[in-house]
Amino acid sequence: MRALLRRLVVEEEAQDLVEYALLAALIALASIASVNGVLTALHASYVAWNTNTHNCWQMPAPGAGGC
């Protein structure tokens with residue numbers, strides 16, 4: 001078991017592959033975080049737009065004006 005661990009530490013054959021895998025994982029995490037932020041902003045924008053357009057369909061009080 002000790003020989004296996006020593007070999008894993010000393011060998012450098014697959015080092016590039018591990019680095020690329022870590023880089024891909026970092027990019028994936030960053031993109032997931034940014035997509036969640038964009039989706040939250042889009043949802044808030046849609047809710048505001050929907051509320052404003054819904055209010056335009058309601059009859060205004062007499063003398064209050066409309067949209």
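The values are calculated or read from the model by the stated rules, or taken from the named source; none is laboratory data. Given the structure is predicted, the values throughout are model-derived calculations rather than measurements. We place every Cβ from the backbone using ideal geometry, glycine too, and count neighbours over all the protein chains shown.
Worth a mention:
- Test: residue in the range 45-55 that is part of a helix (DSSP H, G or I), modelled with pLDDT under 90 and among the β-branched types (Val, Ile, Thr): yes
- Among residues of the range 1-35, those that are surrounded by 10 or more Cβ atoms within 10 Å (Cβ to Cβ) and of a type in the set (S, T, N, Q), counted: 2
- The range 1-44, residues that are among the acidic types (Asp, Glu) and part of a helix (DSSP H, G or I): Asp16, Glu19
- Criterion applied to Ala41, Ala3 was being at pLDDT below 90 and of a type in the set (A, V, I, L, M, F, W, C), and the one residue passing it is Ala3.
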